[in-house]
Amino acid sequence: MKTARVIAAGIVLAAMANLPANALEAPAKAEEPQFCNIYLDTVCFSVPVGLSVDVSLPMDFMLYKMTLPDGGRVTIYSGYNPEKALEGKATQKCATGMKVESCEFADGGKVFDLIYDKGGMANITHIHIDGLTDTNRGAARALLDGFHACTSQGISIACTPEKPFRGVLHEAKREKP
């Protein structure tokens, strides 16, 4: 156990040696993450500070589940056959120019659903948020604005600064009850 700690400390110190001089200072508070720590076929995102994520592989797809501050549940699906979660409900389309299969609100704006499909052999990304409120909308917005567009390249993935879901919660007009 002591050997593992020494090795871990060595790795951290080696990594810190390559950082710029100001990298050890407290970072300025950002509205959205500037990096990714979860990579899907067509997008990547970062788990916001203070949130935890439950990752599971139920079958041939991945599920990422988070609870937003002040309530609200986020489920991110990566696979080939996303559930049409809002089928049969009265919905309002998101006001966005994104190339997505669907982007909708339901239940008076309390439910958000987005399906992102770039086609080809890449997995589809399905983001579903239940329990959106005025108090947790900022956290949901920061999560969605922090997604980056990616492309699978064999066994690696290349991501760009492009933010495919930026503005989705800013621009969308919530339906009236």
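Bear in mind that the values in this text are calculations on the coordinates, not laboratory data. Source: prediction; values computed, not measured. Note that we place each Cβ from the backbone using ideal geometry, even for glycine, and neighbour counts take in every protein chain shown.
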In sequence order, calculated HN-Hα J values of the stretch 49-61 (Karplus, 6.51, -1.76, 1.60; Hz; x Gly/Pro)
3, x, 9, 10, 10, 9, 10, 9, 10, x, 8, 9, 8
In sequence order, what are the phi-derived ³J(HN,Hα) couplings for the stretch 109-115 according to the Karplus relation 6.51 cos²θ - 1.76 cosθ + 1.60 with θ = phi - 60°, rounded to whole Hz, with x for glycine and proline?
x, 7, 10, 10, 9, 9, 10
Rank-order 47-60, 111-124 by packing density, defined as the average count of other C-beta atoms within 10 Å over each peptide's residues, highest first.
111-124, 47-60
Test of understanding: what is the full-extension gain from Met121 to Arg73, defined as 0.36 nm times their sequence separation minus their Cα-Cα distance?
14.4 nm
Backbone N under 18 Å from the Thr151 label point (7 Å along Cα→Cβ), restricted to the stretch 106-120
117-120
Compute the distance in nm between two label points, each set 7 Å from the Cα along the Cα-to-Cβ direction, one at Ala158 and one at Asn37.
2.7
